Amino acid sequence: MSKDRMVTLTVDGLEISVPQGTKLLKACLDNGIYIPNLCYIDDMEHPPASCRLCLVEIEGRPDPLPSCSQKVEDGMVVHTETDAVRLLQKTAFRLLVSTNHGKCRLCMANKHCAMQQIAKFLHMPLRTKKLRYIPKDMPEVIEDHPCIVYEPNKCVLCGRCVYVCSRQNYDFALDFARRGFNTTISFFGSQEEGVGDYCRNCRACVDICPVGALNFKDERDAFLQDLQAKISA
Amino acid sequence: MSSNPTPNEILSELTQAAEKQWQALQNPAVPVIYVGHATCGRAAGSQETIDGFKDALEEKGLEAEIITVGCLGHCYAEPLVTIHYPGFPPLMYQKVGAGEARVLVNSFIQGGEDPCFEYLLGALEPNDTFPTLMDYPRYLYEKRVIMDQCGLIDPHSLDHYLAVGGYQSLAKVLEKGDKWVVEEIKSAHLRGRGGAGFPAGIKWDIARQAEKTPKVVICNGDEGDPGAYMDRTLMESNPHQVLEGLAIAALAIGASRAVLYIRAEYPLAVSTIEQAIAAAKECNLLGDRILGTDFSLEVSVFQGSGAFVCGEETALIQSIQGNRGMPRYRPPYPAVEGLDGLPTVINNVKTLSTVPAIVRKGSHWFRNIGTEKTPGTAIFSVVGDVEYAGLVEVPMGVSLEHLIFEVCGGIKDGKPFKAVQIGGPSGGCLPESELSTPIDFDSLRQAGAMMGSGGMVVMNDETCMVEVARYFIDFTQHESCGKCTFCRVGTRHLLEILKGLTKGEGSDDDIAELQTLGEEIIKGSLCSLGKTAPNPVLTTLRFFKDEYLAHYREHRCPALMCRDLIAYYIDLETCARGCDACVACCPTEAIFTTSNRKKAIDQEKCVKCGECVYACPPEYDAVRKVSPPEMVPDQGIKPLDKEEEENNE
Ligand SMILES: Cc1cc2nc3c(=O)[nH]c(=O)nc-3n(C[C@H](O)[C@H](O)[C@H](O)COP(=O)(O)O)c2cc1C
Ligand code: SF4
Ligand code: SF4
Ligand code: SF4
Ligand code: SF4
Ligand code: FES
């Protein structure tokens, strides 16, 4: 199977051609068709399909499906903006927002946060009126890593950090912990010798986090100090 | 004939010896005592029963053989004991504790005088003197395909299993081949009993035709549904039947490795299965070159650490691989890409346990049981407010009404039926109007419930359906793996709303949110845990909407169950002067004596535990429960003042 064989499909009436084996989400994004997404990373073989934002309707399939987990097929007809799709996307977004801190001004990711981008795209506020706000039963800031801080009420549990970390030499410095609503990201073995230095050089998780829930402690401190200065000025 | 013996010839040599031993047991020279000693028996005290028999026999200097067997499914009657006294039919006794064991030894086993009718459940064989078990509705209506030997043979004896035809199906498949058995299972329309009802034959065929090797079969014995225990029972009561089914599945797809995934909370199932694997290996029924052929199967047990979601097949695979048990998106299905990326067939314990019978008796025989779309039997663990709780095996297609009222004897204490929750924690709650629904995968799904793993909770009219929905959502949101948005966050919102309702807080908007969010969680979730979790909410909303409305509009719990919405008071008309049976039971000393020396409840102090209801003697029956709490009548009660109290002493 040559990687170069091209597959032609129709998305929202537009005909696009992409290499065989491409994931539908990537095919759309590469062709200028935006679909909200949080948990997908390009080279993943089995995307987690967990954020449930990248839904699309494919003709011949009954319900909306996550586009990150579908491979393109010749002659596929895809719709990215049907009512059914938007309804579920908006609900998924509302649900994420309902556990979110909502203090964008105080966040390092302000203006380049994926949640802000999606809010704009879906015409949704970053505060939900319909659902009550339920913060996770955890401290605002968790500082048990030598140099990285984690903010559970910003985290959307996309799992990108877990994925990239597992790809680093440092096998699983990071993983999911706990269950259900209180699922969280946790640093394992972060008290071990050398972890701090390793992570400082690596920065993979901090850089991939779409919402600024992971940051280097010193960078965040500097940011907050700066902000404080601006506010008082 | 070739010089190499066929699998059948090797097996029949093993079987002959076993049969001889079995025959001897059927016409015993000394009394044989069978004691139900699976988990349910043990919980009811079967170990003391065994000791009781041993002690009494020793005292009297009598000889008898004691054999431990598994569970018959009549869990309400444990410890169950069957005594086969020479010259009598085998007689089954219920609730035999150490004391009853002694009586049975003294009056029956010693001399065969008095067969103790007072503990007798029935005879296991037709005869002229004793009623037989088959005369009970429970037995009459049951159809035992999977459980037919449970509770009758010793699970620790390979010989017992061989004597009742064990491993003959494996030998048959070894001779007829993989293609034949896949076709046979396909034509039997055997559907997976783990919940989804996917046709086992088709699953096997996909894995058989998958290119990658080696291949793997997994027996799913996770059984995480609270209240369901049929898989445990099968593993504890007839482990070789599971293993035979597993070996046939392996042969069918060409697997060389088999894993039994059993939850660690099932220690007896684990040890019983492990012992059975060792015994089967010893006799060349598992392991290398099975029954002289070139089919080999390495069988192992993996103990799961008990998360409900680990029963989901892709999460189960993650768990065996040493990762966090989180489902992954399908396709690819495990039959194509499963354990370690290899083609993997995962089947439920009941599915695999059905296989030997189908191979032995043929797909045609199997299709004649149950319905056209779902042939065979269903095993339910029926719990709740029902007369005879326990495991029942009935043909698919019988109605819920038949199962609850005929087979299980109806509602306990003659109370009215209210609802039945079917399919485990994410099954639906069906009201009386749906009782004619036939039990099979498709009909139940249509009614809003599901087959699930076969958990069934029967509820009487004292059960609040809002509270029931809250209870089950509390379970599923706790057990959610936390991976996907709808299930992780959505079920939590459902729970918050339901919690509010049970306290009388809520609005029309909340009810609308329950409905739409529930539907969206079903559509949007990644795995079936999320895709079914809202079922209890949606079905109770559909069938018991009034009850929801009463909670927030009138602050009233019609079933008088939600604590925040009820109150207790004492009816001065019926309360007996001078009686103080209730006073001591109250944990908060809320009950005081009135000026006319009756009792009353201080509402400020009462925590609504309900103890006083039970403490009040039935002839007075003076404690009343009402909802909303404002319904407590003003009875013009004055406490008996201190001085008077002292004078009276
Ligand atoms: C949350 C969840 C829990 C499950 N638990 C079990 C279980 O305990 N036992 C089981 O056999 N199947 C369970 N299943 C179903 C399995 O994923 C799978 O469909 C089944 O084991 C396949 O076997 P079958 O085809 O023989 O039914 C569960 C599914 C889900 C979504
Ligand atoms: S910095 Fe790198 S190694 Fe450290 S936790 Fe993040 S991804 Fe893992
Ligand atoms: S910390 Fe960031 S990258 Fe990691 S799961 Fe949370 S939102 Fe995703
Ligand atoms: S539906 Fe629930 S259990 Fe299933 S993957 Fe999503 S969060 Fe996990
Ligand atoms: S319900 Fe409980 S706390 Fe209230 S009066 Fe009766 S026993 Fe006491
Ligand atoms: S990007 Fe597809 S589900 Fe998250």
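The values are calculated or read from the model by the stated rules, or taken from the named source; none is laboratory data. Keep in mind the model is a prediction, meaning the values are calculated, not measured. No Cβ is skipped: glycine too gets one built from the backbone with ideal geometry, and neighbour counts run over all protein chains shown. To get the accessible areas, we keep the full protein, side chains included, count just its heavy atoms, and leave off ligands, DNA and RNA. Shrake-Rupley method; radii C 1.70, N 1.55, O 1.52, S 1.80 Å.
One line per residue, one yes/no per condition, for (1) modelled with pLDDT of 90 or more; (2) of a type outside the set (Gly, Ala, Ser):
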| site | (1), (2) |
| --- | --- |
| B:Gly122 | yes, no |
| B:Asn127 | yes, yes |
| B:Thr132 | yes, yes |
| B:Asp135 | no, yes |
| B:Arg138 | no, yes |
| B:Asp148 | yes, yes |
| B:Gly151 | yes, no |
| B:Ser157 | yes, no |
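Kindly evaluate A:Val85 against the criterion of being more than 16 Å from ligand 5 (Cβ to nearest atom), in contact with a helix residue (DSSP H, G or I) (Cβ under 6 Å, 6 or more places away or on another chain) and modelled with pLDDT of 95 or more. Give the steps one after another, and end with the answer.
Values: more than 16 Å from ligand 5 (Cβ to nearest atom): yes; in contact with a helix residue (DSSP H, G or I) (Cβ under 6 Å, 6 or more places away or on another chain): no; modelled with pLDDT of 95 or more: yes.
Criteria not met by A:Val85.
Here are A:Leu157, A:Leu126, A:Leu131: which of them is surrounded by 13 or more Cβ atoms within 10 Å (Cβ to Cβ), part of a loop (DSSP other than H, G, I, E, B) and at positive phi? I'd like the intermediate steps shown before the answer.
Values: A:Leu126 fails: at positive phi; A:Leu131 fails: at positive phi.
Going through A:Leu157, A:Leu126, A:Leu131 in turn, the sole match is A:Leu157.
Which one of B:Ser300, B:Ser363 is without any contact (Cβ under 8 Å) to a residue 60 or more places away in the chain and not aromatic (Phe, Trp, Tyr)?
B:Ser300
Looking at (1) open to solvent by less than 40 Å² (accessible area, probe 1.4 Å); (2) within 13 Å of chain B (Cβ to nearest Cβ); (3) not charged (D, E, K, R), find the lone condition where A:Met76 falls short.
The number of the failed condition is (2).
Out of the residues in segment B:291-329 that are out of contact with any strand residue (DSSP E or B) (no Cβ under 9 Å at 6 or more places or on another chain) and among the charged types (D, E, K, R), which is most open to solvent (accessible area, probe 1.4 Å)?
Step by step, filter segment B:291-329, then rank; the result is B:Asp294.
Looking only at segment A:176-208, count how many residues are at pLDDT 90 or above and either within 16 Å of ligand 1 (Cβ to nearest atom) or closer than 17 Å to A:Met138 by Cβ (or both).
Residues flagged as at pLDDT 90 or above and either within 16 Å of ligand 1 (Cβ to nearest atom) or closer than 17 Å to A:Met138 by Cβ (or both) within segment A:176-208 amount to 11.
For residues that are more than 26 Å from B:Gly341 (Cα to Cα) and either touching a residue at least 12 places away in the same chain (Cβ under 8 Å) or within 14 Å of chain B (Cβ to nearest Cβ) (or both), tally how many sit in segment A:1-26. Explain how you work it out, then say what you get.
Quick first cut of segment A:1-26, residues more than 26 Å from B:Gly341 (Cα to Cα) only: A:6-18.
Retained after the next criterion (residues that are either touching a residue at least 12 places away in the same chain (Cβ under 8 Å) or within 14 Å of chain B (Cβ to nearest Cβ) (or both)): A:6-12, A:14, A:16, A:18.
Matching residues across segment A:1-26 total 10.
For segment B:614-635, give me each residue that is out of contact with any Asp or Glu (no Cβ under 9 Å at 6 or more places or on another chain) and β-branched (Val, Ile, Thr).
B:Val626, B:Val632
Within segment B:530-539, count every residue that is open to solvent by 20 Å² or more (accessible area, probe 1.4 Å) and within 16 Å of ligand 1 (Cβ to nearest atom).
Within segment B:530-539, residues that are open to solvent by 20 Å² or more (accessible area, probe 1.4 Å) and within 16 Å of ligand 1 (Cβ to nearest atom) number 3.
Please enumerate the residues belonging to segment A:37-64 that are over 14 Å from A:Leu9 (Cα atoms), surrounded by fewer than 22 Cβ atoms within 10 Å (Cβ to Cβ) and within 14 Å of chain B (Cβ to nearest Cβ).
Across segment A:37-64, the qualifying residues are A:Met44, A:Glu45, A:His46, A:Arg61, A:Pro62, A:Asp63.
Do you know which of the residues in segment A:45-58 that are part of a loop (DSSP other than H, G, I, E, B) and over 14 Å from the mean Cα position of the chain (by Cα) is farthest from ligand 4 (Cβ to nearest atom)? Outline the logic, then answer.
Our first condition is that a residue be part of a loop (DSSP other than H, G, I, E, B); within segment A:45-58, this holds for A:45-54.
Narrowing the set further to residues that are over 14 Å from the mean Cα position of the chain (by Cα) leaves A:45-46.
On the way: A:Glu45: 18, A:His46: 13 Å.
Of everything passing the filter in segment A:45-58, A:Glu45 is farthest from ligand 4 (Cβ to nearest atom).
Can you find even one residue in segment A:125-147 that is within 11 Å of ligand 3 (Cβ to nearest atom) and under 25 Å from B:Cys527 (Cα atoms)? Let's see the steps before the verdict.
The initial filter retains those residues of segment A:125-147 that are within 11 Å of ligand 3 (Cβ to nearest atom), namely A:142.
If we keep only those that are under 25 Å from B:Cys527 (Cα atoms) as well, we get none.
No, every residue in segment A:125-147 fails to be within 11 Å of ligand 3 (Cβ to nearest atom) and under 25 Å from B:Cys527 (Cα atoms).
Of all the residues that make up segment B:334-387, how many are aliphatic (A, V, I, L, M) and open to solvent by 20 Å² or more (accessible area, probe 1.4 Å)?
Number satisfying all stated conditions: 3.
I'd like the residue in segment B:509-533 that is out of contact with any Phe, Trp or Tyr (no Cβ under 6 Å at 6 or more places or on another chain) and within 11 Å of ligand 4 (Cβ to nearest atom) and, out of all such residues, is nearest to B:Gly448 (Cα to Cα).
B:Thr532
Pick out, from segment B:63-171, the helices (runs of 4 or more DSSP H) lying fully within it that include 2 or more residues that are open to solvent by less than 10 Å² (accessible area, probe 1.4 Å) and not aromatic (Phe, Trp, Tyr).
B:98-104
Taking interchain pairs and intrachain pairs at least six residues apart, which have beta carbon atoms under 6 angstrom, with the first residue in segment B:186-211 and outside any loop (DSSP other than H, G, I, E, B) and open to solvent by 60 Å² or more (accessible area, probe 1.4 Å) and the second more than 16 Å from ligand 5 (Cβ to nearest atom) and aliphatic (A, V, I, L, M)?
B:Ile206/B:Ala335
Just checking, does segment A:141-157 include any residue being free of Cβ contacts under 8 Å to residues at least 60 places away in the same chain and within 11 Å of another protein chain (Cβ to nearest Cβ)?
No, every residue in segment A:141-157 fails to be free of Cβ contacts under 8 Å to residues at least 60 places away in the same chain and within 11 Å of another protein chain (Cβ to nearest Cβ).
Only one residue in B:His555, B:His493 is in contact with a Leu (Cβ under 7 Å, 6 or more places away or on another chain), more than 18 Å from B:Gly427 (Cβ to Cβ) and buried (at least 20 other Cβ atoms within 10 Å of the Cβ). Which one?
Residue meeting the stated conditions: B:His493.
Using the structure shown, decide if B:Gly390 is touching a residue at least 12 places away in the same chain (Cβ under 8 Å) and open to solvent by less than 10 Å² (accessible area, probe 1.4 Å). Write out each step before concluding.
Details: touching a residue at least 12 places away in the same chain (Cβ under 8 Å): yes; open to solvent by less than 10 Å² (accessible area, probe 1.4 Å): yes.
It is true that B:Gly390 is touching a residue at least 12 places away in the same chain (Cβ under 8 Å) and open to solvent by less than 10 Å² (accessible area, probe 1.4 Å).
B:Leu526 is checked against (1) over 16 Å from B:Val309 (Cα atoms); (2) open to solvent by less than 30 Å² (accessible area, probe 1.4 Å) and fails just one. What number does that condition carry?
B:Leu526 satisfies every listed condition except (1).
From the list B:Cys575, B:Cys606, which one is within 14 Å of ligand 5 (Cβ to nearest atom), away from chain A (no Cβ under 14 Å), at pLDDT below 95 and surrounded by 18 or more Cβ atoms within 10 Å (Cβ to Cβ)? Break it down into steps so the answer makes sense when it comes.
Numbers: B:Cys606 fails: at pLDDT below 95.
Residue meeting the stated conditions: B:Cys575.
Which ones in segment B:454-494 are of a type in the set (Ser, Thr, Tyr) and either closer than 30 Å to B:Leu403 by Cα or away from chain A (no Cβ under 14 Å) (or both)?
Initially, segment B:454-494 is screened for residues of a type in the set (Ser, Thr, Tyr), giving B:463, B:471, B:476, B:480, B:485, B:491.
The answer is B:Thr463, B:Tyr471, B:Thr476.
Can you name every residue in segment B:216-230 that is open to solvent by 10 Å² or more (accessible area, probe 1.4 Å) and either without any contact (Cβ under 8 Å) to a residue 60 or more places away in the chain or more than 11 Å from the chain's Cα centre (by Cα) (or both)?
If the condition is that a residue be open to solvent by 10 Å² or more (accessible area, probe 1.4 Å) and either without any contact (Cβ under 8 Å) to a residue 60 or more places away in the chain or more than 11 Å from the chain's Cα centre (by Cα) (or both), then B:Asn220 is the only one that fits.
Please report, ordered by residue number, the helices (runs of 4 or more DSSP H) entirely within segment B:428-524 with at least 1 residues that are touching a residue at least 60 places away in the same chain (Cβ under 8 Å).
B:441-447, B:465-479, B:491-502
Starting from segment A:192-216, keep only residues that are within 14 Å of another protein chain (Cβ to nearest Cβ), then list their pairs with residues that are at pLDDT below 90 and more than 9 Å from ligand 2 (Cβ to nearest atom) whose Cβ atoms are within a distance under 6 Å, requiring at least 6 positions of separation or different chains.
Listed pairs, sorted by first residue: none to list.
Can you spot a residue in segment B:338-354 that is within 14 Å of chain A (Cβ to nearest Cβ), away from ligand 5 (no atom under 16 Å from the Cβ), in contact (Cβ under 8 Å) with a residue 12 or more places away in the chain and among the hydrophobic types (A, V, I, L, M, F, W, C)?
No, that holds for no residue.
Does B:Glu519 meet the test of being surrounded by fewer than 20 Cβ atoms within 10 Å (Cβ to Cβ) and within 12 Å of another protein chain (Cβ to nearest Cβ)?
yes
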